[in-house]
1. At 0.36 nm per residue, and after removing the present C-alpha to C-alpha distance, how many nm does the segment from Thr132 to Asn75 gain when stretched out fully?
2. For helix 76-99, report the angle its Cα long axis makes with the longest principal axis of the Cα atoms of the chain; keep it between 0 and 90° and round to the nearest 10°.
3. What is the Cα radius of gyration of the chain over 2.2 N^0.38 Å, N being its residue count?
4. Which listed residue (Ala29, Val11, Phe120) has the Cα farthest towards the positive end of the charge dipole for the range 6-132, taking +1 on Lys and Arg C-beta and -1 on Asp and Glu C-beta about the Cα centre?
5. For the range 100-114, take each phi angle, set θ = phi - 60°, evaluate the Karplus expression 6.51 cos²θ - 1.76 cosθ + 1.60, and give the result in whole Hz per residue in order, putting x for glycine and proline.
6. Please determine, in degrees from 0 to 90 and to the nearest 10, the orientation of helix 6-33 with respect to the longest principal axis defined by the Cα atoms of the chain, where the helix direction is its Cα long axis.
7. Hey, got the dipole for the chain? About the Cα centre, +1 on K and R Cβ, -1 on D and E Cβ, debye to the nearest 20?
8. Against the longest alpha carbon principal axis of the chain, how many degrees, from 0 to 90 and to the nearest 10, is the axis of helix 44-73 turned?
Amino acid sequence: MMMAHRWTALVTILALLVYFWMGLRVAGARGKAGIAAPAMTGEPVLERTIRAHYNTLEWLPMFLVGMWLFAIYWNELVAAGLGVVWIIGRVLYAQGYVAEASKRSTGFLIQSVATGILLFGALGKIAYSLATGGV
């Protein structure tokens, strides 16, 4: 039975569930605004809700790849912990952005720092391993 990286796998699923939740918020905002798909403009709350959802999609590949590589090359629990920080940042980002565009900064900063640590941490460890011939 595969038990390695179970925490990273759990955080991956939680991150995808947050993305799913954001998609449901887009549907709810559409309903409140009375704007059917494929239209995406005309109501500021809908536009901000869609943008928060899309921005999360834009960050998911960097985050997920970074988290998994960090878990493999450094430490799974630290990777999963940083993944939870990323999720919290994305939720704060989405809630702030939907309320008012200028309120997205704190969440954005949190998730971008978490992503940077994961990506550059993994890159550093891989580069070090290549340079030293180690694992």
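Read-outs throughout are calculated quantities, based only on the coordinates presented, and are distinct from any laboratory measurement. Quantities reported herein were computed from a predicted structural model and do not represent experimental measurements. Cβ atoms come from the backbone with ideal geometry, glycine included; neighbour counts cover every protein chain shown.
1. Extra length from Thr132 to Asn75 when fully extended: 18.6 nm.
2. Around 20 degrees separate the two axes.
3. 1.22
4. Ala29
5. Whole-Hz 3J(HN,Hα) from phi for the range 100-114: 5, 3, 6, 9, 8, 5, 4, x, 5, 4, 4, 5, 6, 5, 4.
6. 10 degrees
7. My answer is approximately 180 debye.
8. 10 degrees
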